[in-house]
Structures are given as C-alpha cells and as structure tokens.
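Working notes, structure below.
The values are calculated or read from the model by the stated rules, or taken from the named source; none is laboratory data. Please read these numbers as outputs of a predicted model, since none were measured by experiment.
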C-alpha cells in the first residue's frame with residue numbers, strides 16, 4: 001500500500017509524530033514509487049528534515065553505542081531501525097562509528 005494524500009499532506013505540514021515518521025521511513029525503504037514521490041516534493045523534504053532536527057534536539061545528540069551495535073548486528077525492530085536511520089542520515093559521526101562496527105562484524109564473521 002502506498003502513502004496516501006492525507007499522509008503526504010500531514011508530512012508537508014510537519015504534523016507527523018515520530019512513530020508515523022518511522023512508519024513512513026520503513027515503507028519508503030522498500031517502495032520505490034513512494035520514495036520517488038517524497039524525493040520530488042521539496043516541501044516534504046523540508047518537513048522531514050525539520051522533524052529530524054526536532055527529534056535530535058529533543059532526544060539525543062548521538063546514538064548510544066548499544067544501539068549502533070544492535071543496528072550492525074541486525075537486531076533493531078522496524079521502528080528502531082527507521083529512527084536510527086533518520087539520525088544516521090544527518091550524523092556523520094554516528095555513521096562512521098556504525099561503518100566501523102559493520103567492518104569489525106564482517107571481519108569477525110569471516111574468521112569463524
């Protein structure tokens with residue numbers, strides 16, 4: 001099922017909460033049509049960016065190491081993965097740490 005006009009309008013207005021934003025992020029990660037619709041709408045990109053900034057200002061500066069480790073191990077549920085993904089898009093420090101953890105995991109997995 002694709003994003004509805006109502007969902008897009010709420011996103012445009014910045015009227016989506018974190019849970020709904022996580023649902024949208026999860027859906028668009030596997031739906032090229034909706035991902036393209038979001039990319040094509042500058043006002044939606046601004047709303048999502050503003051929501052990310054709000055989330056970061058209210059919640060955390062960086063993802064905790066245990067969240068990054070769980071992400072690297074594929075242990076986050078869909079909502080956790082979506083929220084972490086939103087933070088990782090805008091945080092080069094957390095992205096770099098996750099990349100290092102993934103590289104370490106690959107090294108350890110190939111050594112078994």
If residue 53 meets every condition in (1) outside any helix (DSSP H, G or I); (2) modelled with pLDDT under 85 apart from one, which number is that one?
(1)
When residues of region 13-37 are limited to those that are in a loop (DSSP other than H, G, I, E, B) and over 15 Å from the mean Cα position of the chain (by Cα), the one modelled with the lowest pLDDT:
14
Is it true that some residue in region 71-91 is at pLDDT below 85, assigned to a loop (DSSP other than H, G, I, E, B) and on the phi > 0 side of the Ramachandran plot?
no
